[in-house]
1. Do we have any residue at all in the stretch 16-31 that's of a type in the set (D, E, K, R), open to solvent by 80 Å² or more (accessible area, probe 1.4 Å), within 21 Å of PRO2 (Cα to Cα) and in a helix (DSSP H, G or I)?
2. SER76: at pLDDT 95 or above, among the polar types (S, T, N, Q) and farther than 24 Å from MET1 by Cβ, yes or no?
3. Only one residue in VAL65, VAL38, VAL86 is in contact with a Phe, Trp or Tyr (Cβ under 9 Å, 6 or more places away or on another chain) and exposed (fewer than 12 other Cβ atoms within 10 Å of the Cβ), so which one is that?
4. Open to solvent by 100 Å² or more (accessible area, probe 1.4 Å), β-branched (Val, Ile, Thr) and more than 13 Å from the chain's Cα centre (by Cα): does that describe ILE4?
Amino acid sequence: MPQIIPIRDLKNTGAISQMCQESREPIYVTKNGYGDMVIMSMKMYQEKLFMHDIYSKLAESEADVAAGRAQNAKDSLQRLKEKHNV
């Protein structure tokens, strides 16, 4: 379940930092009852960036396959062997 805190709680930086370290989800910060910011630990942020990169590469690969720009690995290796006389 996401944690939601009011912006005034950001004054207690030590507690906020600990919340970020302990949470596997982002922490939502509200201002005047409305969503304003999202905070998370550096580790969580790096994990999110890593997963985004993986999903982007998978989507690109799937698009290549759908467009016919992919080759059978066995055939590709055979052509490389023939090309380099292995």
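1. Going through the stretch 16-31, the residues of a type in the set (D, E, K, R) turn out to be 22, 24-25, 31.
When the remaining residues are screened for being open to solvent by 80 Å² or more (accessible area, probe 1.4 Å), the result is 22, 24-25, 31.
Then keep just the ones that are within 21 Å of PRO2 (Cα to Cα); that gives 22, 24-25, 31.
So of that shortlist, the ones also in a helix (DSSP H, G or I) come out as 22.
Scanning the stretch 16-31, I find at least one residue that is of a type in the set (D, E, K, R), open to solvent by 80 Å² or more (accessible area, probe 1.4 Å), within 21 Å of PRO2 (Cα to Cα) and in a helix (DSSP H, G or I), so the answer is yes.
2. Numbers: at pLDDT 95 or above: no; among the polar types (S, T, N, Q): yes; farther than 24 Å from MET1 by Cβ: yes.
So SER76 does not fit the description; no.
3. On the way: VAL65 fails: in contact with a Phe, Trp or Tyr (Cβ under 9 Å, 6 or more places away or on another chain); VAL86 fails: in contact with a Phe, Trp or Tyr (Cβ under 9 Å, 6 or more places away or on another chain).
Going through VAL65, VAL38, VAL86 in turn, the sole match is VAL38.
4. On the way: open to solvent by 100 Å² or more (accessible area, probe 1.4 Å): yes; β-branched (Val, Ile, Thr): yes; more than 13 Å from the chain's Cα centre (by Cα): yes.
So ILE4 passes the test.
The values are calculated or read from the model by the stated rules, or taken from the named source; none is laboratory data. Keep in mind it's a predicted model, so treat the numbers as computed, not measured. Quick reminder, even Gly has a Cβ in these numbers, built from the backbone with ideal geometry, and neighbours come from all protein chains shown. With ligands, DNA and RNA removed, areas are computed over all heavy atoms of the protein, side chains included. Shrake-Rupley method; radii C 1.70, N 1.55, O 1.52, S 1.80 Å.
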